Amino acid sequence: MRAMSIPRVRLDWSLRVTRLIIACVAASLVTTGLTVIPPWWHERGSGAQITQIFRGHHGWWSARDEVFAMRWSNLQLMQETLGSPIDAGELPAWAEPPPPPYPQSDFYRVATLAVGWPFPTRTFRWVAPSHEHNFPIAAELDDADTSIVYAAEDARTHVRAGGPTQSAWLWSGIGFDVAFFTGLIVGPGALLVRGLRYFMRGKRIVAVA
């Protein structure tokens, strides 16, 4: 009987590994879809919230908006510098402003669009050094629900503002999202397989009886 159980154990492990591989592939496809598709979905944001943040000797106007699978951060540098360095106001890591020095401008803006769910997987960043650039708008005035969709449009078409200045993949977010969806797929899948096994075993017992 022990000799007969060895192939069965190997077969069970083979099936588990196969299911895990299939789940990882499916999770990767879902993660890709939630990175590529959301910029085409939304026609409006939810309305940006404007606050102030401080990094070192510099203050920033900060406008942030969010809809499903998209997040928007618009920062505008304040003209006056601070006498003592301060670090106040929360921002996600992908929205942090670049380090100084900054250009001498009244309208220096750094705006970032992050896409992906549940964690951002890709970012697009616009850097506007002067008032000659009409996108993004001044952060202290960016309280409407349109900037996030304008950013998504420009990331896709490069028409509104000539496209983002920078783009980057967030590999930690990609890893977390793939792991998250793999868990969602494997968990219910394992319960379903176990339920089917119990069901078939019950049918065999009834048939024998």
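Do we have Ala179 as modelled with pLDDT of 90 or more and either of a type in the set (Val, Ile, Thr) or part of a helix (DSSP H, G or I) (or both) here? Can you show your working first?
Numbers: modelled with pLDDT of 90 or more: yes; either of a type in the set (Val, Ile, Thr) or part of a helix (DSSP H, G or I) (or both): yes.
Judged against the criteria, Ala179 is a match.
Would a scan of the range 7-16 turn up a residue that is modelled with pLDDT under 90, among the small types (Gly, Ala, Ser) and more than 30 Å from Gly83 (Cβ to Cβ)?
Applying the first criterion (modelled with pLDDT under 90) to the range 7-16 yields 7-16.
In the following step, the residues that additionally are among the small types (Gly, Ala, Ser) were identified as 14.
Add one more test, that the residue is more than 30 Å from Gly83 (Cβ to Cβ), and what stays is 14.
Checking the range 7-16: at least one residue is modelled with pLDDT under 90, among the small types (Gly, Ala, Ser) and more than 30 Å from Gly83 (Cβ to Cβ).
Might you check whether a residue that is within 28 Å of the chain's Cα centre (by Cα) and surrounded by 13 or more Cβ atoms within 10 Å (Cβ to Cβ) occurs anywhere in the range 83-90? Yes, some residue in the range 83-90 is within 28 Å of the chain's Cα centre (by Cα) and surrounded by 13 or more Cβ atoms within 10 Å (Cβ to Cβ).
Where strands (runs of 3 or more DSSP E) sit wholly within the range 100-171, those with at least 2 residues that are surrounded by fewer than 16 Cβ atoms within 10 Å (Cβ to Cβ) occupy 166-169. In the range 159-186, the qualifying residues are those that are closer than 11 Å to Ala27 by Cα and of a type in the set (Gly, Ala, Ser), and the one that is farthest from the chain's Cα centre (by Cα) is Gly183.
Please work out which residue is surrounded by the most Cβ atoms within 10 Å (Cβ to Cβ), limiting yourself to the range 68-82 and to residues that are under 14 Å from Ala152 (Cα atoms) and of a type outside the set (Lys, Arg).
So in the range 68-82, the residues under 14 Å from Ala152 (Cα atoms) come out as 68-74.
Checking which are of a type outside the set (Lys, Arg) leaves us with 68-70, 72-74.
Numbers: Phe68: 10, Ala69: 20, Met70: 23, Trp72: 26, Ser73: 27, Asn74: 31.
Selected residue: Asn74.
Of all residues in the range 82-100, those that are farther than 23 Å from Leu170 by Cβ have Cβ atoms under 7 Å from Cβ atoms of residues that are β-branched (Val, Ile, Thr) and part of a strand (DSSP E or B), 6 or more apart or on another chain, in Ala88/Ile53. State whether the residues of the range 40-54 include one that is part of a loop (DSSP other than H, G, I, E, B), in contact with a helix residue (DSSP H, G or I) (Cβ under 9 Å, 6 or more places away or on another chain) and at pLDDT 95 or above. Looking for residues that are part of a loop (DSSP other than H, G, I, E, B), in contact with a helix residue (DSSP H, G or I) (Cβ under 9 Å, 6 or more places away or on another chain) and at pLDDT 95 or above, one finds none in the range 40-54, hence no.
The values are calculated or read from the model by the stated rules, or taken from the named source; none is laboratory data. In this text, all values refer to a predicted model and were calculated from it rather than measured experimentally. Neighbour counts run over all protein chains shown; Cβ positions are idealised from the backbone, glycine included.
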